[in-house]
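Taking it in order: structure first as structure tokens, then the write-up.
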């Protein structure tokens with residue numbers, strides 16, 4: 001077997017109890033039910049058990065076939081309830097599948113929660129040993145890595161303080177530090193990076209990347225498409241317990257984003273008034289079909305419209321809005337004062353606007369097309385909305401170095417003025 | 001290098017192959033879990049680990065007072081305090097470990113839902129904690145014996161076997177109860193009652209010679225009878241009238257419980273994370 005993980009028709013079924021809210025069953029209930037069905041059968045031996053309709057089946061995973069090759073950093077994406085956690089739990093052997101089988105090669109370490117099994121009464125030092133053992137390290141291994149762990153966690157001063165007096169940030173750091181020093185062939189990580197301050201998150205991402213560099217296989221689950229894009233090279237997109245897409249991370253993210261977001265990159269329709277009608281609008285990036293843009297990707301906005309009644313007050317343009325619904329950038333045809341009049345001549349037009357996506361931070365933006373008569377009428381303002389998600393490419397992160405994600409991206413147009421090479 | 005990596009196959013509906021091997025590999029975790037519970041128990045206690053010695057001793061003192069001074073029960077010509085101590089030792093271990101192990105999977109629920117290791121380690125580690133208490137009490141008893149007029153005989157050689165039997169019985173009950181508790185929380189309420197009742201149907205404060213002949217077969221079905229009588233035999237060299245019968249019954253009952261408990265636990269283990 002060359003793959004690190006292979007699953008064949010992996011399925012997991014849960015039974016949902018419809019009558020009792022919690023799904024706990026007590027001895028009395030079970031016995032009462034058993035007695036009940038026994039008497040039912042006495043009365044009517046031919047009738048099938050009535051039990052059946054009390055519970056509902058729920059397939060958390062259905063016929064999942066995945067392959068993970070050595071050295072892959074696989075991001076699992078999907079909405080809440082798509083089966084991501086169930087899949088991780090089955091791969092970590094915590095939960096057993098209802099049908100199908102899995103082959104896993106090598107030592108697996110799974111990090112579904114930071115600091116699993118930390119005991120509040122024990123000191124930091126004691127918890128390092130305990131947690132290390134829980135994650136599968138031997139005593140000798142922990143002793144060998146102890147100093148590294150302490151240094152990484154930045155809690156050196158408090159080693160002999162009970163963990164119950166730690167701040168939650170300290171617990172997280174300590175927990176991750178221990179897990180980071182595991183030496184698995186396969187690391188399974190579930191959204192643990194959502195905690196800790198930005199600096200520590202970067203440290204964690206860097207560590208995970210380093211593991212990838214050393215030929216380790218990493219499986220990573222997160223809702224944050226940004227961190228998935230910067231860590232993973234392969235993706236698995238789950239929805240409703242099924243694998244929808246599997247392959248390079250960018251295509252998976254594409255499929256994922258296309259399915260969940262209300263807005264699209266393209267709009268088609270017919271809105272406007274007696275002065276102007278809009279038919280089409282869309283965002284393009286170098287001709288590639290992508291559902292998102294990397295920071296710095298040249299973006300072309302195209303608009304098709306028809307001016308029915310010429311008036312010199314007509315003005316159209318766009319506004320870019322962030323997730324908090326704040327307008328952060330705009331451009332109007334009036335800004336192009338020399339050509340403005342030709343844009344609003346009677347007739348059909350196709351306009352394009354080049355947007356430098358480097359000036360945006362990572363995030364989901366909306367582009368709204370805005371049109372009106374100067375100082376008198378708003379023709380459209382919310383009818384045409386395009387999504388404009390931007391992620392940081394961070395090629396450098398994927399190669400093992402961590403670069404700062406903040407700030408405006410100025411591009412990569414470096415050039416020599418002169419150069420002497422010996 | 002990657003060609004040498006071990007391959008694990010997980011198949012739906014099957015217990016993984018090499019379970020015992022896995023348990024052996026995780027022995028350090030077993031040690032750490034037991035160590036955690038021992039340390040935690042005596043954290044923030046002024047006398048600290050000294051309680052581990054004082055606790056069993058206080059228990060024995062209380063027992064001796066109650067049964068000897070108040071109940072005046074017969075003790076087969078052995079110093080009554082020693083007689084009770086020898087019975088108390090296995091009983092304390094059994095009752096204490098049953099109380100704790102039956103709950104052990106629930107108290108470690110976070111481990112079960114977040115990490116993988118052979119789950120059987122959890123009740124076993126809990127057993128280890130109580131075995132420490134047992135060992136301390138055991139040593140105390142050995143030290144006390146010469147002072148209270150009991151000599152050491154060859155029968156002491158039977159002790160290792162009896163301790164193994166006791167360990168097997170306790171783990172058997174632990175396997176059964178802990179795995180049932182995951183699904184039926186009722187066990188948590190039944191166990192304390194069982195333990196309180198158990199002391200009366202086991203020869204802890206009295207000799208099993210007191211049991212009427214016609215009820216003996218029923219009485220001996222309690223595997224603790226053979227074990228406790230065995231401990232008294234080992235320490236003092238005195239055997240009850242039907243000692244061999246009670247011991248053999250006990251061995252069979254224990255083996256039956258142990259094997260069935262082990263497989264029941266394995267069968268249920270797969271669903272622990274889903275049900276807990």
query: Mind checking the mean number of beta-carbon atoms from other chains within 10 Å of the Cβ atoms in B:111-121?
result: 5
message: Between 0 and 90 degrees, rounded to the nearest ten: what's the tilt of helix B:187-198 against the longest Cα principal axis of chain B?
response: 20
message: I'd like the Kirkwood hydrodynamic radius of the stretch A:186-326, using the inverse of the mean 1/r over distinct C-alpha pairs, in Å.
response: 18.6
field: Rounded Å value of the spacing that divides the Cα centres of the stretch A:240-289 and the stretch A:73-88
entry: 23
field: Modelled FRET efficiency - R0 60 Å, residue A:157 with residue B:221, Cβ distances, 0.05 increments
entry: 0.50
- line: For A:83-96, B:109-122, B:157-170, ranked highest to lowest by mean beta-carbon neighbours within 10 Å, the order is A:83-96, B:109-122, B:157-170
- request: Sort B:240-251, A:141-152 for me by packing, meaning the mean count of neighbouring Cβ atoms within 10 Å per residue, highest on top.
  value: B:240-251, A:141-152
- prompt: Taking the Cα atoms only, what angle lies between the long axis of helix A:168-180 and the longest principal axis of chain A, rounded to 10 degrees?
  reply: 80
Spin-label pair residue B:154/residue A:325, simplified geometry with 7 Å Cα→Cβ offset, distance in nm: 9.4
field: Least to most buried among A:290, A:13 (fewest other Cβ within 10 Å first)
entry: A:13, A:290
field: Cα long-axis angle, helix B:121-147 against chain B (0 to 90 degrees, to the nearest 10)
entry: 20
statement: Mean per-residue count of partner chain Cβ within 10 Å for A:114-123 equals 4
task: Please find, in a Gaussian network model of chain A (springs between Cα atoms separated by less than 10 Å), the residue of A:40, A:310, A:140 whose mean-square fluctuation is greatest.
output: A:40
query: Under a no-solvent Debye model with one identical scatterer per Cα of the stretch B:16-275, what's log10 I(q)/I(0) at q = 0.12 Å⁻¹?
result: -0.75
Gained length - residue A:36 relative to residue A:9, 0.36 nm times residue gap less alpha-carbon distance: 6.0 nm
- request: Calculate the spin-label point distance for residue A:412 paired with residue A:263, positioning each point 7 Å from the Cα along the beta-carbon direction, and give it in nanometres.
  value: 2.7
- prompt: Considering chain A as a Gaussian network with a 10 Å cut-off on Cα pairs, which listed residue, A:183, A:245, A:273, attains the greatest mean-square fluctuation?
  reply: A:273
- prompt: residue B:135 versus residue A:121, label points 7 Å from Cα toward the beta carbon: distance in nm?
  reply: 2.0
- request: Can you bin chain A into rounded, prolate or oblate? Criterion: square roots of the alpha carbon gyration tensor eigenvalues sorted a ≥ b ≥ c, rounded for a/c under 1.5, prolate for a/b above b/c, oblate for the rest.
  value: oblate
- line: Exposure-ranked with fewest Cβ neighbours within 10 Å first, B:55, A:173, A:165 stand as A:165, B:55, A:173
query: Over chain A, what is the mean sequence separation of C-alpha contacts under 8 Å (at least six apart), divided by residue count, expressed as relative contact order in percent?
result: 15
task: Kindly put A:228, A:337, B:199, B:66 in sequence by how many other C-beta atoms sit within 10 Å of each C-beta, fewest to most.
output: A:337, B:66, B:199, A:228
- line: Partner shielding of A:93-104, as the mean number of partner chain Cβ atoms within 10 Å, equals 6
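Rule-based calculations on the coordinates, nothing more; no lab input. All of these numbers come straight from a predicted model, not from anything done at the bench. With ideal geometry, Cβ positions are generated from the backbone for all residues, glycine too; neighbour counts draw on all protein chains shown.
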